[in-house]
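Chemist: Sharing a structure with you now.
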Amino acid sequence: MKFNRRQGLKAAAATAAATGAIAAAAPREAMSQTRAETLRQVMGGVINSLDATMLGGTREGFGLVMNTYDRLCSMGRKPVSTGGFTFDLDNIRGELAERIDRSADGLTYTFHIRQNATWHDGTPVTAEDVKWSLDRSVSARSLAPPQMSMSSYTSPDQYKIVGEKVVEVKLPRSDRLALGNLSTPYAMMINSKLAKQHATSDDPWAINYLKENQAGGGAYIVESHRPGQQLQLRRNDNWKNGLNGELPFFRRIIMQTVPEAATRASLVERGDADLCIDLAASDVPAIESRNRAKVVAIPQGNTFQCIVFNTRVAPFDNPKVRRAFALALPYDAMFQAALFSRGSKYYGATWTHAPNGNFPQPLGINQDLDRAKALLAEAGFPNGLETTFTYAVSMSAFVDPMAALLQEALGRIGVRVAIQKLPDAQIGTLIVERRLPFFTDLGSAWLPSPDYFFRLYYSGETRWNYSGWQNAEVTAMAQEARFTLDQARYDDICRRMIDISLEQMPHVMLWSGNHEAVMSKDISGYTYWFHRMVDWRDLKRG
Amino acid sequence: MRALKSIGLRVGRRLAASVPALLGVVVFTFVLMRVLPGDPAVFFASGPNAGQAEIQMIREQMGLDRPVHEQLIRYFAEIGRGQLGRSMTTGQAVVADLRERLPASLELTLAALVLALGFAIPLGILAALRPNSALDHVVRFVCSMGVCVPTFVSGLLLIYVFYVVLGISPDPTGRIDIFAASPPDITGFLLIDFAITGDWAGWYAAAGQLLLPACTMALFVLAPLARMTRASMLAVLGSDFIRTARSIGLSHWKVIVVHGLRNALLPVITITGIVFSTMLGANVLVEKVFSWPGVGSYALDALLGSDYAPVQGFVLMMALAFVVVNLLIDVLYGIADPRVNVE
């Protein structure tokens with residue numbers, strides 16, 4: 001039994017072959033000419049539908065339809081001091097409409113469609129197309145109708161063709177969000193002639209067709225789609241609906257699913273990918289310090305992280321208990337542990353009555369263990385109580401450290417907290433059924449006016465009213481605010497709603513993390529949008 | 001001709017015998033998915049403002065508003081039509097998804113298996129030739145390392161060394177360079193497709209993409225294969241017929257490979273079958289790390305979203321794969337050792 005020379009040589013040859021194969025695997029040179037005009041974005045999620053209104057459509061689809069479809073109007077953008085831009089709900093311009101007339105009473109909007117606007121197939125955009133698209137947004141079995149109803153769009157009767165390329169939209173009451181809502185992904189304009197060819201009696205709004213096909217006129221056209229893997233788009237060179245009629249810079253967009261965050265980070269850092277907006281929060285400071293890629297951090301004023309009390313079960317049906325918990329939390333330590341303080345605080349103000357009607361804003365809540373203890377005793381729990389704090393597995397990266405701090409701080413007022421992590425689908429079900437006593441979740445609003453937050457997150461019966469809180473005064477005021485045209489009255493109402501919510505504390509507003517986009521150094525123009533996805537039309541190289 | 005017919009009969013009988021097991025798997029997975037907490041309708045109705053009405057609509061769309069036994073009957077009817085339902089996660093028919101992704105997983109698994117066998121068998125033989133020598137200890141150490149390091153760690157490590165630091169490996173995102181033209185879609189196995197079309201540049205690129213994930217997986221399964229080869233070789237090399245072969249003056253090489261290895265292969269083939277089936281399902285971490293569009297990561301995503309249809313389809317497919325692999329292994333037994341009968 002000898003290990004002879006020949007065997008040794010064979011083993012060596014095998015090793016050499018393997019090494020050679022790695023060397024041969026070096027990437028082929030990318031075509032440098034088009035590479036500069038190509039944007040490669042890597043993301044953790046998937047796009048499961050070309051029509052974002054589909055039931056079950058993923059968030060990544062919002063960014064897609066903003067680029068493949070136009071809307072009647074579009075929100076503007078404003079620069080942010082830290083670099084980049086953010087969306088501007090107060091500055092709305094026409095997109096597919098070249099002019100928008102608003103009647104003096106605010107009940108009628110008239111949209112004049114751009115004369116030279118065409119669909120991807122070259123046919124002109126007509127008033128019938130716009131009417132059909134608007135009808136679809138309030139009638140189809142999709143995610144669009146509940147969103148449209150947030151600004152009083154509920155029936156096809158509200159949309160009327162009043163001339164060639166002119167469509168009139170009627171509102172029952174003057175609604176603050178009427179135009180803003182027509183700028184959201186769900187209000188996309190569809191080539192109705194094409195869509196109707198594929199509509200059936202079971203599916204009059206061509207939902208099945210549009211899921212896998214496009215019938216739009218937006219700035220980009222989907223060239224290939226491998227669901228769950230990648231999507232490639234090319235620029236629509238006939239697109240004229242941009243700001244000042246300008247075409248976007250990038251001719252080609254590649255959107256690729258790369259599930260592992262660490263891989264996404266190294267792709268962008270090595271310059272093989274150009275953009276990523278969903279890296280792990282802990283990776284971003286390191287990338288910033290290595291300075292091989294650019295980090296654009298933009299405050300997300302329309303989102304929040306909150307700690308929720310189920311106001312429909314004991315002990316959290318008692319506002320004193322809720323306030324005691326809120327007063328016991330170590331806000332700064334939690335913010336530092338969860339997000340390295342990269343974001344905006346919604347705590348730490350010193351006022352007791354809101355100074356203005358902005359929401360969310362830093363609220364008058366701070367840690368005060370003595371008062372917390374006193375309140376808990378007043379509520380009938382002098383010896384503390386026991387409860388369970390729950391959060392979704394997908395949030396563990398930042399909630400794990402925060403939960404440990406919360407547990408420790410509540411322990412100091414005699415509250416024993418058990419921590420429970422659950423899969424996302426499971427926690428969703430428990431929230432809807434209101435079976436969790438105490439948990440954390442995220443919220444965001446497409447149309448971040450204070451009344452919208454209060455309507456969505458502080459009243460109603462949907463999942464988004466996480467705490468299940470019902471306060472007749474706030475519910476009534478949120479409805480009134482929505483329709484009021486008097487700014488002073490609106491601010492008064494909002495101030496009052498903030499005060500009540502702070503006193504009753506259905507959930508504790510914590511903070512909003514920055515939107516952190518990591519991109520190649522030569523990319524500029526990055527804009528944070530309300531839908532929290534990338535709009536490629538904004539971006540430039542060089 | 002008669003031999004072929006008898007093999008066909010045997011194979012048919014084996015397949016028929018597996019039908020009850022497959023049925024059991026379908027029913028079990030079906031029930032299990034519905035018993036697990038988590039409502040897919042809630043998970044997928046997460047658009048802004050989606051309320052109870054939208055949850056109900058999704059439930060109807062997925063057929064979840066019907067009683068469970070009716071859902072099961074409908075599912076069987078669907079299987080009868082060659083369909084497995086629709087995935088909410090990707091928005092595609094499950095059959096189409098699996099057809100697209102199974103070749104990716106198979107190609108990766110097979111490449112990893114070939115790589116692993118290519119190293120494990122020589123290493124196992126070397127270790128068996130000199131038990132308890134330094135060489136044996138080195139082999140044992142390499143195998144232990146491979147098994148101890150989880151695949152996502154070794155995967156990330158390989159990416160870090162060969163992609164991030166050395167820059168000689170292509171970016172670890174899927175089966176083909178993203179900027180290259182899309183591959184010819186013939187069999188779904190890129191290496192075969194590129195070879196058929198004669199696109200050797202494409203073939204090298206695809207092989208380059210395959211190499212790191214295949215190495216990661218091969219490292220992980222090196223241990224069972226090499227250890228099994230070693231143990232089995234040790235037993236065989238100590239037996240009488242080897243001594244006889246040596247005594248009649250056969251060459252060292254011939255004694256080991258022809259007389260030793262062939263007799264030692266049976267347990268190795270068995271373990272290869274098991275390793276292969278496990279790899280096909282368990283390479284999900286490798287698929288995630290390398291963005292490999294395979295079935296493992298597909299099933300995991302579906303499971304996290306309580307997306308019933310893809311999980312059921314995946315389990316059924318894996319059960320089928322297990323049946324086929326076992327059959328194949330039995331046939332290989334016959335080739336390796338004619339004394340073994342498939343029956």
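The values are calculated or read from the model by the stated rules, or taken from the named source; none is laboratory data. Just so it is clear, the model here is predicted, and its values are computed rather than measured. Note that we place each Cβ from the backbone using ideal geometry, even for glycine, and neighbour counts take in every protein chain shown. Remember, those area values only see protein heavy atoms, side chains included, never the ligands or the DNA or RNA. Shrake-Rupley method; radii C 1.70, N 1.55, O 1.52, S 1.80 Å.
Chemist: Give a residue-ordered list of calculated ³J(HN,Hα) values for region B:221-232 (Karplus: 6.51 cos²θ - 1.76 cosθ + 1.60, θ = phi - 60°; whole Hz; x for Gly, Pro).
Modeler: Running phi through 6.51 cos²θ - 1.76 cosθ + 1.60 with θ = phi - 60° gives 9, 4, 4, x, 5, 5, 5, 5, 4, 4, 4, 5 Hz.
Chemist: Using all C-alpha to C-alpha distances in the protein assembly as shown, build P(r) with 20 Å bins and read off the rounded percent in each one.
Modeler: 13, 40, 33, 12, 2, 0
Chemist: Under 1.5 on a/c is rounded, so check that first for region A:44-106, then, if it is not, pick prolate when a/b is larger than b/c and oblate when it is not; a ≥ b ≥ c are the square roots of the alpha carbon gyration tensor eigenvalues.
Modeler: Working: a/c = 2.66, a/b = 1.34, b/c = 1.98.
Because a/c hits 1.5 or more and a/b fails to exceed b/c, region A:44-106 counts as oblate.
Chemist: With a 1.4 Å probe, what is the total accessible area buried between chains A and B, in Å² rounded to the nearest 100? Intermediate values should be presented prior to the final figure.
Modeler: Working: alone 23480 and 18540 Å², together 36290 Å².
The summed interface area works out to 5700 Å².
Chemist: If you don't mind, another one. Starting from the Cα of B:Lys254, draw a straight line to each of the aspartates and glutamates and keep only those under 17 Å, dropping any in the same chain fewer than 8 residues away.
Modeler: B:Asp240
Chemist: Also: I'd like the Karplus ³J(HN,Hα) series for region A:337-346: coefficients 6.51, -1.76, 1.60, θ = phi - 60°, whole numbers in Hz, and an x wherever there's a Gly or Pro.
Modeler: Values per residue, Gly and Pro as x: 5, 7, 10, 6, 6, 8, x, 10, 7, 10 Hz.
Chemist: Hey, can you grab everything whose amide H is under 5 Å from the amide H of B:Trp292? Only 5+ residues off in sequence or another chain; H modelled, so Pro and N-termini drop out.
Modeler: For B:Trp292, whose amide H was placed from the backbone, the distant partners under 5 Å are B:Gly174.
Chemist: Then there is this: Could you put B:Arg74, A:Arg71 in order of accessible surface area, largest first, with the 1.4 Å probe and the full protein assembly present?
Modeler: On the way: B:Arg74 120, A:Arg71 0 Å².
Largest accessible area first, the residues go B:Arg74, A:Arg71.
Chemist: I would also like to ask the following. Quick one: order B:Trp200, B:Trp253 from most to least accessible surface, probe 1.4 Å.
Modeler: Working: B:Trp200 135, B:Trp253 105 Å².
My answer, sorted largest first, is B:Trp200, B:Trp253.
Chemist: Length gain on complete extension for the stretch A:Ala476 to A:Thr352, per 0.36 nm per residue less the alpha carbon to alpha carbon distance? Write out the running numbers ahead of the final one.
Modeler: Numbers: separation 124, 0.36 × 124 = 44.64 nm, distance 2.27 nm.
Net length gain for the segment: 42.4 nm.
Chemist: Keeping all protein chains in position, work out how much accessible area B:Ser251 exposes to a 1.4 Å probe, and write it in Å² to the nearest 10.
Modeler: Near enough 60 Å² of accessible area.
Chemist: How much accessible surface area, in Å² rounded to 10, belongs to the heavy atoms of A:Glu98 with a 1.4 Å probe?
Modeler: Around 100 Å² of this residue is reachable by solvent.
Chemist: State in Å² the accessible area per residue of the protein assembly as shown; use a 1.4 Å probe, count heavy atoms of protein chains only, and round to the nearest integer. Before the final figure, lay out each step's value.
Modeler: Details: 36290 Å² over 885 residues.
Accessible surface, normalised per residue, equals 41 Å².
Chemist: Now for a different question. If the only charges are +1 at each Lys and Arg Cβ and -1 at each Asp and Glu Cβ, what is the size of the charge dipole of region B:77-188 around the Cα centre, to the nearest 20 debye?
Modeler: Working: 7 positive and 8 negative charges, 55 e Å.
Charge dipole of region B:77-188: 260 debye, to the nearest 20.
Chemist: Sequence-distant or interchain residues sharing an amide H contact under 5 Å with B:Arg86, placed H: which?
Modeler: B:Val94
Chemist: Related question: Using modelled amide H (1.01 Å from N, peptide plane; none on Pro or chain starts), what sits under 5 Å from the amide H of A:Glu98, excluding residues fewer than 5 places away?
Modeler: Here the answer is A:His112, A:Ile113, A:Arg114, since their amide H atoms fall under 5 Å of that of A:Glu98.
Chemist: How many percent of the accessible area of the protein assembly as shown is carbon or sulfur, using a 1.4 Å probe? Kindly include the intermediate steps, with their values, before the conclusion.
Modeler: Values: 21510 of 36290 Å².
C and S fraction of accessible area: 59 percent.
Chemist: Compute the label zone of A:Arg234 within region A:34-55: residues whose backbone N is under 12 Å from the point 7 Å along Cα-to-Cβ.
Modeler: Within reach of a label on A:Arg234: no residues.
Chemist: What aspartates and glutamates does B:Lys5 reach when the alpha-carbon gap must be under 19 Å and sequence neighbours fewer than 8 apart in one chain are set aside?
Modeler: List returned: B:Asp330, B:Glu343.
Chemist: Please list A:His225, A:His515, B:His137, A:His112 in order of solvent-accessible area, largest first, computed with a 1.4 Å probe with all protein chains present. Before the final figure, lay out each step's value.
Modeler: On the way: A:His225 55, A:His515 10, B:His137 90, A:His112 35 Å².
Putting A:His225, A:His515, B:His137, A:His112 in descending order of accessible area: B:His137, A:His225, A:His112, A:His515.
Chemist: Tell me what the protein assembly as shown gives for mean residue ellipticity at 222 nm when only DSSP H runs of n ≥ 4 count, each as -39,500 (n - 2.57), the sum divided by the residue total, rounded to 500 deg cm²/dmol. Mind showing how you got there, number by number?
Modeler: Numbers: 32 runs with 418 residues, N = 885.
The per-residue figure over the protein assembly as shown is -15000 deg cm²/dmol.
Chemist: Under a point spin-label approximation (7 Å from Cα along Cα-to-Cβ), what is the B:Ser6-A:Ala280 distance to one decimal in nm?
Modeler: 5.9
Chemist: Could you give me the ³J(HN,Hα) list for region B:194-199, computed from phi with Karplus coefficients 6.51, -1.76, 1.60 and θ = phi - 60°, whole Hz, x at Gly and Pro?
Modeler: Residue by residue, region B:194-199 yields 5, 5, 4, 7, x, 8 Hz.
Chemist: Could I ask something else about it? If ligands, DNA and RNA are left out, what is the accessible area of B:Glu70 with a 1.4 Å probe, given in Å² to the nearest 10?
Modeler: Surface open to solvent at B:Glu70 totals about 70 Å².
Chemist: Here is a further query. Binning at 5 angstrom from zero up to the longest distance, how are the C-alpha pair distances of region A:163-310 distributed in percent?
Modeler: In order of increasing distance, the bins hold 2, 6, 10, 12, 15, 16, 15, 11, 7, 4, 2, 0 percent.
Chemist: Positive end of the dipole of region B:2-80, charges at C-beta (+1 Lys, Arg; -1 Asp, Glu), about the Cα centre: which of B:Ile79, B:Gly51, B:Pro37 has its Cα farthest in that direction?
Modeler: Looking along the dipole axis, the top candidate is B:Ile79.
Chemist: May I ask you to derive the FRET efficiency for A:Asp492 and A:His112 from their Cβ-Cβ distance with R0 = 45 Å, giving the value to the nearest 0.05? Present the calculation step by step, with values, prior to reporting the outcome.
Modeler: On the way: r = 37 Å, r/R0 = 0.81.
That gives a FRET efficiency of 0.80.
Chemist: Then there is this: Defining a contact as two alpha carbons under 8 Å apart and six or more residues distant in sequence, what relative contact order in percent does chain B show? Working shown, then result.
Modeler: Numbers: 370 pairs, mean separation 89.3, N = 343.
It comes to 26 percent, rounded to a whole number.
Chemist: Between A:Glu246 and A:Asp332, what is 0.36 nm times their sequence separation minus the Cα-Cα distance? Round to one decimal in nm. Write out the running numbers ahead of the final one.
Modeler: On the way: separation 86, 0.36 × 86 = 30.96 nm, distance 4.49 nm.
Answer, rounded to one decimal: 26.5 nm.
Chemist: A drop of at least 10 square angstrom in accessible area, chain alone versus all protein chains together, probe 1.4 Å. Which residues of region B:128-143 meet that?
Modeler: Residues meeting the cut-off: B:Leu129, B:Arg130, B:Leu135.
Chemist: List the lysines whose Cα sits under 26 Å from the Cα of A:Lys78, skipping any in the same chain fewer than 8 residues away.
Modeler: A:Lys240, A:Lys294, A:Lys345, A:Lys521, A:Lys540
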